[in-house]
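> Please see the structure below; I have some questions.
The values are calculated or read from the model by the stated rules, or taken from the named source; none is laboratory data. Since the model is a prediction, treat every value here as computed from it, not as a measurement. We place every Cβ from the backbone using ideal geometry, glycine too, and count neighbours over all the protein chains shown.
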Amino acid sequence: MKHDLPDDQTLYSALVARDPSWDGRAYVCVTTTGIFCRLNCPARDPKPENCQFMPTISACLDAGFRACKRCHPMHSAAEADPAVKSLLSALEADPMRRWREGDLVARGHDPSTIRRAFKRTFGTTFLDMARQARLHAGLTTLANGGRVIDAQLDAGFASPAAFRAAVAKHIGLPPGAFKSKALLRADWFDTPLGPMIAVSDTSHLHLLEFTDRKALPTELKRVYKACKGAMGFGRFAPTDQIEAQLHRYFAGDCAEFDVPLALHGTPFTCAVWDMLQTLPAGSTHSYSQIARAMGRPESTRAVARANGANQIAIVIPCHRVMGADGSLTGYGGGLWRKQKLIDLERQYAPNESEPA
């Protein structure tokens, strides 16, 4: 089913006005808190730049956001089913509990019935929702610079192995891929557009992506395979470097990145990525313009594929590439982020009144 939402300004105005007509038709996800709300939530208004609007509860959950405890956005969808409402209340009361099918039976529920009810209402099962709540707590700890053991405990996992297995499944790698003394290390940090994961070795950044990108598992597997080595939790200097540079970028201080990059692609793909890094902040270009600039005017589609395969977001600015008609085109991090990045970079655009 297709859900079309109006522009962010319209939805933000509805949020500020607490417009009840939008209840159930759109939700606001607040990137600074990791929480999603109804548009008529009584909580304090978030800043516009921290808002991401979603058409469904399922989309909010898939993006890693948790339900607000003031407006209870999931309860309205569950009102018609007492069993669903009861389990949601139980999950809110104890989000770290490890739920099993036996727990559902003990509460007088048929697991298959509950599975269908949650899939129908939220697009996910109750047990998956409970696992996601626990895992989110652990990932939040990692994103805030916490130790793996602290993240494990925050997520309610009894052993490091179980936590690593859950995280590995979440991001698409086998548990054995994560070693304590690995050549590659993955770590999380927060940004105004949501958490990002960075993978680096001692000298180069290999991957930088938003954690909710659907292609992230595939990208991690590609990096893991290309490096022929294990991956671990933690960070090296390039991760600290890119986190600091992104902080300056989002603060409006600097749009230049000089962290060394390790590119995993064909020679043509890497050539496209090199070309993208020459595009000045505040500018936009079409695929065909990039193809012509590379002396390959017949390779517009190949340029588009290389653009979509970019696995170092923002630093390799694939968000500066638009459709031939100037419209937003596909962006792995979500079109809403692409628009936010383009808007942000307007402050970096060269002053046309200045001499070239």
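> Can you tell me which residue is surrounded by the most Cβ atoms within 10 Å (Cβ to Cβ) among those in the range 288-313 that are touching a residue at least 40 places away in the same chain (Cβ under 8 Å) and touching a strand residue (DSSP E or B) at 6+ places or on another chain (Cβ under 7 Å)? Explain how you work it out, then say what you get.
Of all residues in the range 288-313, those touching a residue at least 40 places away in the same chain (Cβ under 8 Å) come to 306, 309, 311-313.
Those left that are additionally touching a strand residue (DSSP E or B) at 6+ places or on another chain (Cβ under 7 Å): 311-313.
Working: Gln311: 24, Ile312: 26, Ala313: 23.
Restricting to residues being touching a residue at least 40 places away in the same chain (Cβ under 8 Å) and touching a strand residue (DSSP E or B) at 6+ places or on another chain (Cβ under 7 Å), the top hit is Ile312.
> Kindly check whether there is at least one residue in the range 5-18 that is under 25 Å from Gln132 (Cβ atoms), aromatic (Phe, Trp, Tyr) and in the same structural domain as Phe65 (by TED's automatic domain parsing).
So far as the range 5-18 goes, no, none of its residues is under 25 Å from Gln132 (Cβ atoms), aromatic (Phe, Trp, Tyr) and in the same structural domain as Phe65 (by TED's automatic domain parsing).
> So for the range 132-146 (the condition being modelled with pLDDT of 70 or more and more than 18 Å from Cys29 (Cβ to Cβ)), does at least one residue qualify?
The answer is yes; a qualifying residue exists.
> Continuing with this model, one more query. Could you say whether any residue in the range 325-340 is under 29 Å from Arg185 (Cβ atoms) and at pLDDT 95 or above?
Here is the first cut: in the range 325-340, the ones under 29 Å from Arg185 (Cβ atoms) are 331-334, 337-338, 340.
Adding the requirement that they be at pLDDT 95 or above leaves none.
No, the range 325-340 has no match at all.
> Here is a further query. Please go through the range 85-98 and give me each residue that is modelled with pLDDT of 85 or more and buried (at least 19 other Cβ atoms within 10 Å of the Cβ), ordered by number. Reasoning before the result, please.
To start, the set of residues in the range 85-98 that are modelled with pLDDT of 85 or more comprises 86-87, 90.
Correct list: Leu87 only.
> For Ala77, only one of the following conditions fails: (1) of a type in the set (Gly, Ala, Ser); (2) at pLDDT 80 or above; (3) crowded, with 16+ Cβ neighbours inside 10 Å. What is its number?
Just one mismatch for Ala77, condition (2).
> Let me ask something additional. Just to verify a result, which residue in the range 314-341, among those that are assigned to a helix (DSSP H, G or I) and surrounded by fewer than 19 Cβ atoms within 10 Å (Cβ to Cβ), is farthest from the chain's Cα centre (by Cα)?
To start, the set of residues in the range 314-341 that are assigned to a helix (DSSP H, G or I) comprises 318-320, 335-341.
Next cut, surrounded by fewer than 19 Cβ atoms within 10 Å (Cβ to Cβ) only: 335-336, 339.
Values: Leu335: 12, Trp336: 12, Gln339: 15 Å.
Among them, the one singled out is Gln339.
> I'd like to verify a number: residues in the range 297-345 that are in contact with a Gly (Cβ under 6 Å, 6 or more places away or on another chain) and charged (D, E, K, R), how many?
1
> Filter the range 224-241 for residues that are within 10 Å of Ser200 (Cβ to Cβ) and either aliphatic (A, V, I, L, M) or under 18 Å from the mean Cα position of the chain (by Cα) (or both) and give the result.
Answer for the range 224-241, where residues must be within 10 Å of Ser200 (Cβ to Cβ) and either aliphatic (A, V, I, L, M) or under 18 Å from the mean Cα position of the chain (by Cα) (or both): Ala237, Thr239.
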